[in-house]
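Take a look at the structure set out below.
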Amino acid sequence: MDASFLGIDDLAKTPSVAVVVDVMRAFTVAAWAFAQGAEKIVLSGSLDESLALKARNPEWVTLKDGPPAPGFDAVNSPALLRSVDLRGRTVVQKTTAGTVGALAVKDAPLVLCASFVVAEATAEVLRADGSDSVTFVVTGEDGKAEEDLACAQYIARRATGAGADAAGFLRRAAESRAAFELAEGVRQGAHPEDVALCLELDRFAFAMVATPEDSLMVLRPHTAPSSAGHGPA
């Protein structure tokens with residue numbers, strides 16, 4: 001498998017397979033939303049779009065980066081979201097990097113959204129797909145976020161069936177700028193346990209696949225055949 005690792009602005013063409021990585025915190029939060037029972041996640045392009053979707057669908061749950069804000073039900077924190085009952089709900093998610101990256105590759109035939117908590121399940125989907133070329137979109141810090149790059153490289157290794165010691169990749173993520181800023185409270189809308197939750201390897205046995213639905217980019221959990229019986233939990 002030919003793997004490339006690009007920032008959002010480096011995407012010159014639509015890839016055949018895209019894995020959009022945001023460890024801290026968009027796609028860790030998305031996985032937790034599914035674990036809490038969410039049916040689907042609408043990846044929003046702007047705060048205004050999120051509010052418009054909420055106005056048309058008051059029962060939907062809106063979340064964003066940063067501190068709480070009028071019109072939004074939650075913030076982009078896995079620790080704060082894990083106690084929220086989302087059974088059967090639709091979540092609208094807008095973040096600084098993760099959702100932007102997913103929308104940038106919305107025309108790709110296969111779009112996976114990933115973080116460490118769904119790493120192996122994501123690798124399973126890639127192995128089953130058998131594509132010769134996979135583009136990993138490193139969303140944070142203009143493609144330089146160490147936690148996202150480490151996760152992308154780890155998934156790429158696992159997707160080829162190669163043995164990979166996760167410890168080194170997780171250590172790089174733990175020592176990243178994003179981890180420091182979350183731990184020190186630099187980023188608003190965070191919880192002290194967010195970093196630890198973002199570094200839980202394979203916490204969930206499902207991958208997350210994004211597809212266009214009615215002009216929206218919608219993320220849903222996907223259980224690989226070899227993981228049957230281990231859906232969102």
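Residues in region 1-55 that are out of contact with any helix residue (DSSP H, G or I) (no Cβ under 8 Å at 6 or more places or on another chain), hydroxyl-bearing (Ser, Thr, Tyr) and under 24 Å from Pro70 (Cα atoms): Ser46, Ser50. Flag set for Ala79, criterion: over 14 Å from the mean Cα position of the chain (by Cα), aliphatic (A, V, I, L, M) and at negative phi. Taking region 45-67 as the range and being surrounded by 13 or more Cβ atoms within 10 Å (Cβ to Cβ) and part of a loop (DSSP other than H, G, I, E, B) as the test, the residues that pass are Gly45, Asn57, Trp60, Asp65, Gly66.
In the set Ala128, Ala97, Ala108, only one residue is under 20 Å from Ala210 (Cα atoms) and surrounded by 24 or more Cβ atoms within 10 Å (Cβ to Cβ); that residue is Ala97. Pairs are defined by a Cβ separation below 9 Å, a sequence spacing of at least 6 or placement on different chains, a first member in region 156-183 that is in contact (Cβ under 8 Å) with a residue 60 or more places away in the chain and under 19 Å from Phe5 (Cβ atoms), and a second member that is basic (Lys, Arg) and assigned to a helix (DSSP H, G or I); the pairs so defined are Ala159/Arg127; Thr160/Arg127. Note on region 95-210: enclosed helices (runs of 4 or more DSSP H) holding 1 or more residues that are modelled with pLDDT under 95 and within 30 Å of Leu47 (Cβ to Cβ) are 177-183.
Give Pro192, Pro221, Pro212 a once-over and let me know the one that is surrounded by fewer than 22 Cβ atoms within 10 Å (Cβ to Cβ) and under 20 Å from Ala38 (Cβ atoms).
On the way: Pro192 fails: under 20 Å from Ala38 (Cβ atoms); Pro221 fails: surrounded by fewer than 22 Cβ atoms within 10 Å (Cβ to Cβ).
Just a single option satisfies the conditions, and that option is Pro212.
Figure legend. Inter-residue proximity from region 40-63: first residues among the hydroxyl-bearing types (Ser, Thr, Tyr), second residues part of a helix (DSSP H, G or I) and modelled with pLDDT of 95 or more, beta-carbon distance below 7 Å, spacing 6+ or different chains. Indicated pairs: Ser44/Ser50; Ser44/Leu53; Ser44/Thr99; Thr62/Ser50; Thr62/Lys54.
The values are calculated or read from the model by the stated rules, or taken from the named source; none is laboratory data. This structure is a prediction, so every number in the text was calculated from the model and none was measured. Note that we place each Cβ from the backbone using ideal geometry, even for glycine, and neighbour counts take in every protein chain shown.
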